[in-house]
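Notes follow once the structure below has been shown.
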Amino acid sequence: MVDPTADISATVDIESIIAIARQAGDLVVRMQDQGLSDIQSKSNDIDLVTEADLASEKLIRDELTDRYPDFGFWGEESNTPPTTALYWIVDPIDGTVNYANGIPFYAVNIALQHAANALLAVTVELPVGRVYWAELGRGAYVREANGSESRLVVNRVDRLRRAIISTGFPYDRAENPDNNSREFAYFMPRCQGVRRMGAAAIDLAYVAAGIFSGHWENGLNPWDISPGALLVQEAGGLVTDYQGNPWTPTSRAFVASNGHPDLHQALLDGIRSVRAAP
């Protein structure tokens, strides 16, 4: 078994994980090009799963299990929490609603976890094929489709008014009053812009890349957040829950930012003020 306190790169080859994620990405793009024939609902009519989600998760599970049989596996579609300390968290397609409707903004998301801590992360932005990856303590990087690579660094925006931030809304937003609409209404006039892209994996990668200054969202799952949280942290940013505590896979709500204390606090204060109101 891997010693999680040791350099994970000595045991897990990040290039092999990138290759698996890209292979899954190629598969889902190809399946979309061929035409999707089986789009189903899960929790409600807007929570979708396609045959490509299932095929992508199977490919990733098979490849990871073959290479690392001692690691657990927690995928969105199978959704069986792991019993091992070391485990993979996988979203085979983050942004399935985008994907199912032909919107070119979705991702394959993979993280290796030791308990609450992510050790490595890979996010493939599709269909462009851009790869974001990080290893704990070794930085975060972006690899373009042409193979060029650069280090990810968050931006230096220090005020909410100057910040482009992003968010998302839960699938049960029609029935659940805690649906982020009040938070959105608070931030919308107070920042440079709010974007709702539909794939939190890429939103977080954009925070790490300095494109967005922050992202907040409630009601997500570990496979949506964990890879991107490591990208943000390794790029110099900060990821907490709504109370300002470090984000963990049990946290359903989170705030990611470039780490500037004033900006992160402004995001937390805005959320708290709205949620404290009757």
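In the condition set (1) of a type in the set (Phe, Trp, Tyr); (2) over 15 Å from the mean Cα position of the chain (by Cα); (3) crowded, with 23+ Cβ neighbours inside 10 Å, TRP216 is compliant with all but (2). Among the residues making up region 94-148, those that are modelled with pLDDT of 95 or more, in contact with a Ser or Thr (Cβ under 6 Å, 6 or more places away or on another chain) and under 24 Å from PHE169 (Cβ atoms) are ALA107, ASN109, ALA111, TYR132. For region 122-149, a residue qualifies if it is assigned to a strand (DSSP E or B) and of a type in the set (A, V, I, L, M, F, W, C), and the qualifying residues are VAL122, VAL124, LEU126, VAL131, TRP133, ALA134, ALA140, VAL142. Determine if region 233-247 includes at least one residue that is outside any loop (DSSP other than H, G, I, E, B), touching a His at 6+ places or on another chain (Cβ under 7 Å), outside the structural domain of ARG143 (by TED's automatic domain parsing) and of a type outside the set (Ser, Thr, Tyr). Looking through region 233-247, at least one residue is outside any loop (DSSP other than H, G, I, E, B), touching a His at 6+ places or on another chain (Cβ under 7 Å), outside the structural domain of ARG143 (by TED's automatic domain parsing) and of a type outside the set (Ser, Thr, Tyr). Say we look at region 135-148 and pick out the residues that are in contact with a strand residue (DSSP E or B) (Cβ under 7 Å, 6 or more places away or on another chain) and under 23 Å from THR11 (Cα atoms); which of these is surrounded by the most Cβ atoms within 10 Å (Cβ to Cβ)? My answer is ALA140.
Regarding THR11, is this residue modelled with pLDDT under 95, surrounded by 15 or more Cβ atoms within 10 Å (Cβ to Cβ), within 20 Å of the chain's Cα centre (by Cα) and among the hydroxyl-bearing types (Ser, Thr, Tyr)? For THR11, the condition - modelled with pLDDT under 95, surrounded by 15 or more Cβ atoms within 10 Å (Cβ to Cβ), within 20 Å of the chain's Cα centre (by Cα) and among the hydroxyl-bearing types (Ser, Thr, Tyr) - is not met.
The set of residues in region 47-77 being free of Cβ contacts under 8 Å to residues at least 24 places away in the same chain and either under 23 Å from PHE169 (Cα atoms) or exposed (fewer than 13 other Cβ atoms within 10 Å of the Cβ) (or both) consists of ASP62, ASP66, PRO69. I want to confirm something. Restricting to region 221-253 and keeping residues that are in contact with a helix residue (DSSP H, G or I) (Cβ under 6 Å, 6 or more places away or on another chain) and surrounded by fewer than 24 Cβ atoms within 10 Å (Cβ to Cβ), which single residue is nearest to ARG159 (Cα to Cα)? If we take residues in region 221-253 being in contact with a helix residue (DSSP H, G or I) (Cβ under 6 Å, 6 or more places away or on another chain) and surrounded by fewer than 24 Cβ atoms within 10 Å (Cβ to Cβ), then LEU238 is nearest to ARG159 (Cα to Cα). Counting only strands (runs of 3 or more DSSP E) that sit completely within region 12-116, those holding 2 or more residues that are closer than 22 Å to GLY228 by Cβ correspond to 48-50, 72-75, 86-94, 106-114. Reported count of residues in region 179-235, each being hydroxyl-bearing (Ser, Thr, Tyr) and free of Cβ contacts under 8 Å to residues at least 40 places away in the same chain, is 1.
The values are calculated or read from the model by the stated rules, or taken from the named source; none is laboratory data. Here the structure is a predicted model, which is why all the values come from computation and not from measurement. All Cβ positions, glycine included, derive from the backbone under ideal geometry; neighbour counts span all protein chains shown.
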